[in-house]
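Take a look at the structure below.
The values are calculated or read from the model by the stated rules, or taken from the named source; none is laboratory data. Since we're looking at a predicted model, the values are computed, not measured. Note that each Cβ is placed from the backbone with ideal geometry, even for glycine, and that neighbours are counted across all protein chains shown. Accessible surface areas use protein heavy atoms only, side chains included; no ligands, DNA or RNA. Shrake-Rupley method; radii C 1.70, N 1.55, O 1.52, S 1.80 Å.
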Amino acid sequence: MSFKKLALKIKERFVVENVKRAKIPEFKSSHVVRKHINFVGNVQNVGFRFETYQLATRLGLTGWVKNLQDFSVEAEVQGEADKVNYLVSYMSSLKRAYVSNAEITEIPVVETDTDFKMEY
């Protein structure tokens, strides 16, 4: 196994364990929203997209996340409002990434969305 592949496996394992250890609050039921989010800052090459995917999956959210060519990370996240807001707050406070701005726009809910995808 190459050093690059080994480093990627270690980073992925770290992210998975980090999300498992996250203290997820108990959420009261809230209305479903879909938000388009553009995370700007030092958010690529630090496991940000993978951690967004892992946390969204753990929270039962749907949508997608992907890296953009301008080095930001774009996502559409759908689910109960409090859970979506928690995801944005959690991702904006990661120590190994720096989110200088999270541009958030509420968009229409996609009724057919069933899971969360990490796009490339």
Provide a single number: the residues in segment 49-59 that are in contact with a helix residue (DSSP H, G or I) (Cβ under 7 Å, 6 or more places away or on another chain) and not hydrophobic (A, V, I, L, M, F, W, C).
-> 4
May I ask you to list the residues in segment 94-110 that are open to solvent by 70 Å² or more (accessible area, probe 1.4 Å), assigned to a loop (DSSP other than H, G, I, E, B) and at pLDDT 95 or above?
-> Pro108
For segment 47-70, state whether one or more residues are modelled with pLDDT under 95 and not in a strand (DSSP E or B).
-> yes
Does segment 87-120 hold any residues that are under 24 Å from Lys28 (Cβ atoms) and either of a type in the set (A, V, I, L, M, F, W, C) or touching a helix residue (DSSP H, G or I) at 6+ places or on another chain (Cβ under 7 Å) (or both), and which are they?
-> Leu87, Val88, Tyr90, Met91, Ala102, Ile104, Ile107, Val109, Val110, Phe116
Filter segment 71-93 down to the residues that are free of Cβ contacts under 8 Å to residues at least 40 places away in the same chain, open to solvent by 60 Å² or more (accessible area, probe 1.4 Å) and not in a loop (DSSP other than H, G, I, E, B), then identify the one that is nearest to Val19 (Cα to Cα).
-> Ser89
Working only within segment 58-70, note down all residues that are surrounded by 15 or more Cβ atoms within 10 Å (Cβ to Cβ) and farther than 14 Å from Glu119 by Cβ.
-> Arg58, Leu59, Leu61
Listed by first then second residue, the pairs whose first member lies in segment 20-39 and is modelled with pLDDT of 95 or more, whose partner is part of a loop (DSSP other than H, G, I, E, B) and open to solvent by 100 Å² or more (accessible area, probe 1.4 Å), with beta carbons under 7 Å and at least 6 positions apart or on separate chains, are Arg34/Pro108
From Val40, Val32, Val77, Val46, residue being touching a helix residue (DSSP H, G or I) at 6+ places or on another chain (Cβ under 7 Å) and of a type in the set (Val, Ile, Thr) | Val77
For segment 42-51, enumerate the residues that are over 14 Å from Arg13 (Cα atoms) and open to solvent by less than 10 Å² (accessible area, probe 1.4 Å).
-> Val43
Could you say whether any residue in segment 29-45 is of a type in the set (Gly, Ala, Ser), outside any strand (DSSP E or B) and out of contact with any Gly (no Cβ under 8 Å at 6 or more places or on another chain)?
-> yes
